[in-house]
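Notes follow the structure.
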Amino acid sequence: MFKIPFLDLPPLRGAAGTVRLPGSKSISNRVLLLAALSEGRTVVRDLLASDDTAVMLEALKALGCGVAQDGDTVSIVGLGGKLLAKQAQLFLGNAGTAMRPLTAALAVLAATQGGSFEVSGVARMHERPIGDLVDALRGLGCSIEDLGQPGYPPLRLRGPSTLALGTPVRVRGDVSSQFLTALLLALPLVAERDIRIEVIGELISKPYIEITLALLARFGIGVKREGWQAFVIPAGSRYRSPGEIFVEGDASSASYFVALGAIAAIDAPIRIEGVGSESLQGDVRFIEAAAAMGAVVQAGPNWLEVRRGAWPLKGLTLDCNHIPDAAMTLAVMALYADGPTTLTNIASWRVKETDRIAAMATELKKLGAQVDEGPDWIRVQPLRDWQAASIHTYDDHRVAMCFSLTAFNGLITDRAVSVRILEPHCVAKTFPDYFETLFGVVSVNAADVPVITIDGPTASGKGTLADEVGKALGFGVLDSGALYRVTGLAARRAGLDLDDGEAVAAIVPTLELSFRDGQVFLGKEDVSARLRAEATGLLASQVAVHPPVRRALHQLQLDFRRLPGLVADGRDMGTAIFPDADLKVFLTASAATRAERRYKQLISKGISANISGLREDLEARDERDKNRSASPLEPAQDAQMLDNSALTIEASVDQVLGWWQQRRPF
Ligand code: DC
């Protein structure tokens with residue numbers, strides 16, 4: 001995946017439609033580990049494909065598990081509790097859901113079977129605490145070495161050593177519930193006798209423990225519990241694969257679409273598939289918070305429908321301990337409220353992917369909001385006087401996703417602003433297609449969708465420049481020449497007289513055109529190669545002189561103006577099709593340079609060519625394109641001129657991106 005440095009969101013106006021959520025991160029990584037510890041094969045369906053599950057899968061392979069992946073189905077052949085590899089170095093990225101349980105499982109397996117395992121991650125992972133878990137495991141008799149700062153990864157887990165299973169294992173529950181989850185997942189591996197786990201301090205994020213217990217039950221382990229204070233793994237517990245298991249949609253990810261419904265589903269609801277009233281995940285209770293802020297929510301077993309109720313939303317004060325991840329979304333909804341919103345009991349935010357209280361406060365303030373924060377709370381005031389802002393995302397997927405909701409500011413104020421999300425690819429941690437999914441259900445005024453036009457004569461390098469600029473900004477690309485080429489080709493195939501503009505225009509609505517992966521299809525036929533041929537270019541130039549043909553293709557070109565933006569190349573993009581474009585570039589290069597470029601292009605494709613002939617053809621086409629009466633080739637008045645005869649592609653791209661940045665409000 002090409003990583004764009006930022007994604008600009010123009011003002012968004014509404015939302016409706018259906019989204020399918022990716023699999024839950026918490027469930028995916030627990031299920032993968034459980035399958036790996038069980039005996040035999042487990043087929044895991046609807047698994048989340050993300051950075052965090054990828055590091056878990058890599059770790060399981062390194063430990064000798066059989067892993068076979070086919071789309072979102074993964075088949076795991078488990079270890080049956082026996083270490084196949086006695087040594088491994090596991091890199092776990094920034095995945096807490098891999099780091100904590102693998103540490104516990106490998107520590108007890110190394111203690112009973114011998115071995116040496118190193119676990120490490122990215123720099124931020126080495127700042128995320130694990131000391132309480134390490135203390136608990138050491139208390140049990142595991143041998144764990146700090147390889148960096150004590151209390152933080154990286155760690156070395158070594159054995160054999162003697163485990164004291166007769167005394168209760170004590171673990172703190174007030175920093176991260178993942179420590180308790182890690183012990184609950186690891187200790188069934190050594191349960192020759194009843195093992196008692198006692199929680200010290202008030203257990204936070206209890207719903208995540210519910211997920212752990214429910215999944216343990218699916219894999220044959222019936223944990224006995226005394227409230228939230230003590231848990232007993234019965235003697236003789238053994239992991240048994242359920243054979244096949246389905247991963248629910250991610251309830252934390254659902255929060256962005258629930259909020260979207262509350263803010264922007266004005267005429268029809270947003271339907272969310274993959275989580276619902278029967279979900280195992282505590283974060284579905286986010287819907288109660290959203291409803292308290294004004295959302296109208298309907299829930300089925302595995303779906304939700306949300307639409308706007310109260311508007312503005314209603315500010316509230318809420319203890320968010322039970323929905324720590326989803327609660328970040330409330331902090332953004334608060335901007336659209338009628339009064340302050342205070343979220344309390346969220347100390348765990350400070351030890352997540354980033355210090356989330358600080359991050360949310362800093363970024364909300366950039367938009368103009370008034371925000372106060374304390375050690376374990378945040379208060380956000382409603383915002384009406386919005387400022388365009390560039391949002392830093394701290395390599396935290398949830399910061400990126402919840403700030404996308406700020407693009408609806410035009411629904412609460414007359415002076416709508418754009419929002420820039422920096423490093424948007426960080427959403428890959430749990431929701432790689434987040435922005436595409438969002439764009440699929442939102443509406444926008446076409447005039448707000450940014451457009452860059454690149455016009456110029458044939459073989460000036462417009463196509464390459466447009467593709468590269470589009471890639472750098474994450475924008476779609478319109479190669480308008482391809483539309484004239486297709487029209488010319490189809491007219492010729494239909495035996496039409498190319499001088500009869502009305503007849504040629506009449507076939508445009510009948511063309512079954514589609515664009516997939518940079519290729520152009522006419523019906524089922526991939527005509528991309530045919531379109532690029534010189535002969536087709538000539539046909540295009542002939543049909544392009546007719547006003548009826550140009551009119552017939554006009555709307556088709558406008559339809560390319562879609563989120564998050566468009567780079568359009570051709571002859572009249574800046575003059576006739578997108579006269580309101582945010583940036584217009586007119587690209588030129590000397591006829592000699594262009595003829596040489598086209599010559600090299602043809603030769604590289606194994607097509608024989610002759611430079612002087614090519615140059616004559618180019619000049620003839622330039623003449624026709626310039627002198628026709630309908631949309632002649634000429635720079636728009638407000639176009640930036642770019643002669644790239646002596647420029648590399650990178651230099652031209654940088655120039656266009658530089659102009660673009662100058663025009664942005666950030
Ligand atoms: O950019 P190209 O070589 O693919 O364009 C082929 C012909 O189509 C070109 O000679 C003129 C015509 N054309 C046009 O008239 N208007 C456009 N926007 C794009 C192409």
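S652 meets the conditions (1) surrounded by 15 or more Cβ atoms within 10 Å (Cβ to Cβ); (2) at pLDDT 95 or above; (3) in contact with a Lys or Arg (Cβ under 9 Å, 6 or more places away or on another chain) in every case but one. The failed one is (3).
Regarding D355, is this residue crowded, with 23+ Cβ neighbours inside 10 Å and under 26 Å from the mean Cα position of the chain (by Cα)? It is false that D355 is crowded, with 23+ Cβ neighbours inside 10 Å and under 26 Å from the mean Cα position of the chain (by Cα). If you check A466 against the conditions, is it assigned to a loop (DSSP other than H, G, I, E, B) and either under 28 Å from the mean Cα position of the chain (by Cα) or modelled with pLDDT under 95 (or both)? So A466 does not fit the description; no.
Note on the range 23-97: enclosed strands (runs of 3 or more DSSP E) holding 2 or more residues that are of a type in the set (K, R) and touching a residue at least 12 places away in the same chain (Cβ under 8 Å) are 41-45. Does at least one position in the range 46-53 carry a residue that is in contact with a helix residue (DSSP H, G or I) (Cβ under 7 Å, 6 or more places away or on another chain), at pLDDT 95 or above and closer than 24 Å to P150 by Cα? No. Can you tell me which residue is farthest from the ligand (Cβ to nearest atom) among those in the range 456-515 that are more than 29 Å from T593 (Cβ to Cβ) and among the polar types (S, T, N, Q)? Per the stated criteria, the residue is T510. A single member of A540, A568, A505, A595 is buried (at least 19 other Cβ atoms within 10 Å of the Cβ) and more than 25 Å from G461 (Cβ to Cβ), and it is A505.
With respect to K584, determine if the residue is within 12 Å of the ligand (Cβ to nearest atom) and closer than 28 Å to V656 by Cα.
Answer is no for this residue.
Flag: L184 matches the condition of being more than 30 Å from L411 (Cβ to Cβ), touching a Ser or Thr at 6+ places or on another chain (Cβ under 9 Å) and buried (at least 22 other Cβ atoms within 10 Å of the Cβ). Exactly one residue out of A459, A491, A505, A466 is in contact (Cβ under 8 Å) with a residue 24 or more places away in the chain and within 23 Å of D582 (Cα to Cα), and it is A466.
Of everything in the range 619-664 that's among the hydroxyl-bearing types (S, T, Y) and part of a loop (DSSP other than H, G, I, E, B), which residue is nearest to A591 (Cα to Cα)? Ranking the candidates gives S645 first. Restricting A636, A630, A576 to those that are away from the ligand (no atom under 12 Å from the Cβ), hydrophobic (A, V, I, L, M, F, W, C) and surrounded by 15 or more Cβ atoms within 10 Å (Cβ to Cβ) reduces the list to A636. Restricting attention to the range 370-380, does a residue exist that is of a type in the set (F, W, Y) and under 24 Å from A265 (Cβ atoms)? For the range 370-380, residues of a type in the set (F, W, Y) and under 24 Å from A265 (Cβ atoms): absent.
Within the range 206-254, the only residue that satisfies the criterion of being farther than 30 Å from A290 by Cβ, aromatic (F, W, Y) and in a strand (DSSP E or B) is F231.
The residue list R196, R156 contains one member that is under 35 Å from the mean Cα position of the chain (by Cα), surrounded by fewer than 19 Cβ atoms within 10 Å (Cβ to Cβ) and in a strand (DSSP E or B), which is R156. Within the range 521-536, being under 17 Å from L478 (Cβ atoms) and either among the small types (G, A, S) or within 11 Å of the ligand (Cβ to nearest atom) (or both) holds for S528, L531, R532.
Being of a type in the set (D, E, K, R), surrounded by 24 or more Cβ atoms within 10 Å (Cβ to Cβ) and under 21 Å from Y239 (Cβ atoms) narrows it down to one of R100, R45, so name that one.
Details: R45 fails: surrounded by 24 or more Cβ atoms within 10 Å (Cβ to Cβ).
Only one candidate qualifies: R100.
As a summary of the residue check, H554 satisfies the conditions (1) surrounded by fewer than 18 Cβ atoms within 10 Å (Cβ to Cβ); (2) touching a residue at least 60 places away in the same chain (Cβ under 8 Å); (3) within 14 Å of the ligand (Cβ to nearest atom) except for the one numbered (2). From the list S608, S612, S652, the one residue that fits, being in contact with a strand residue (DSSP E or B) (Cβ under 8 Å, 6 or more places away or on another chain), away from the ligand (no atom under 13 Å from the Cβ), over 29 Å from V444 (Cα atoms) and not acidic (D, E), is S652.
Among the residues making up the range 1-37, those that are surrounded by fewer than 23 Cβ atoms within 10 Å (Cβ to Cβ) and among the small types (G, A, S) are G14, A16, G17. Here is a check on your reading of the model: is V549 free of Cβ contacts under 8 Å to residues at least 40 places away in the same chain and surrounded by 15 or more Cβ atoms within 10 Å (Cβ to Cβ)? Judged against the criteria, V549 is not a match.
Reported count of residues in the range 215-250, each being among the aliphatic types (A, V, I, L, M), closer than 23 Å to Q281 by Cβ and surrounded by fewer than 14 Cβ atoms within 10 Å (Cβ to Cβ), is 1.
The values are calculated or read from the model by the stated rules, or taken from the named source; none is laboratory data. A quick note: this is a predicted structure, and the numbers were derived from the prediction, not measured. So basically every Cβ, Gly included, is an ideal-geometry build from the backbone, and we count neighbours across all protein chains shown.
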